[in-house]
1. Can you pull out the cysteines in the chain that have no other Cys Cβ under 4.7 Å?
2. Taking 0.36 nm per intervening residue step and subtracting the Cα-Cα distance, what contour gain separates PHE53 from ARG104 on full extension?
3. What does the helix-only formula give at 222 nm for the chain: each DSSP H stretch with n ≥ 4 adding -39500 (n - 2.57), the total divided by the residues, and the result rounded to the nearest 500 deg cm²/dmol?
4. Could you please report the charge total around SER101, scoring K, R as +1 and D, E as -1 over all other residues with beta-carbon less than 12 angstrom from its beta-carbon?
5. Which of rounded, prolate, oblate describes the chain, given a ≥ b ≥ c as roots of the alpha-carbon gyration tensor eigenvalues and a/c under 1.5 marking rounded, otherwise prolate only if a/b is larger than b/c?
6. Taking the chain as a Gaussian network, Cα atoms linked when under 10 Å apart, which of ALA42, ALA16, ALA80 shows the biggest mean-square fluctuation?
7. Put a dot 7 Å past each Cα toward the Cβ at VAL14 and VAL92; how far apart are the dots in nm?
8. Would you list which aspartates and glutamates come within 16 Å of LYS67, measuring only between C-alpha atoms, while excluding same-chain residues fewer than 8 positions from it?
Amino acid sequence: MVLIDVKAIPSCQVLAVSGTGCSLTAIQGLGTIFDASVIQKAFVDAGAVQCGFCTPGMILAAYLLLKENPDPGEKEIASALDGNLCRCTGYVKIIDAVQLSARRLSGGV
Ligand code: FES
């Protein structure tokens, strides 16, 4: 998953040249292992990362959601994450992580 301008796109479905002139953000653009973003830390703290295969897409989708809606409900989170498949967590911890991210970004935790 990558962000092209303000849209999450599966990176395997776009040619690199189609992003010419666009803002392109991969998961590394949000934070690194040494300087993780609030959302990345929340995913770890909530136990939402197991194998990690789905995690970049989940975090990028959460980032876009929280930019638009800083206090999303569970259904809005589920809708925003739609299309990102997780075989490990059952989504409960992922939704918890997005809610934790929202609280932390708003200064509530
Ligand atoms: Fe393994 Fe989501 S953590 S697929």
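1. CYS12, CYS22, CYS51, CYS88
2. Stretched fully, the PHE53-ARG104 segment lengthens by 15.9 nm.
3. Helix contribution divided over all residues of the chain: -12000 deg cm²/dmol.
4. Local charge sum for SER101: +1.
5. prolate
6. ALA16
7. Rounded to a tenth, the inter-label distance reads 3.5 nm.
8. By straight Cα distance, LYS67 reaches ASP5, GLU76.
The values are calculated or read from the model by the stated rules, or taken from the named source; none is laboratory data. A quick note: this is a predicted structure, and the numbers were derived from the prediction, not measured. As a convention, Cβ positions derive from the backbone with ideal geometry for all residues, glycine included, and neighbour counts pool all protein chains shown. Ligands, DNA and RNA are stripped out before the accessible areas are found, and what is left, the full protein with its side chains, is counted by its heavy atoms. Shrake-Rupley method; radii C 1.70, N 1.55, O 1.52, S 1.80 Å.
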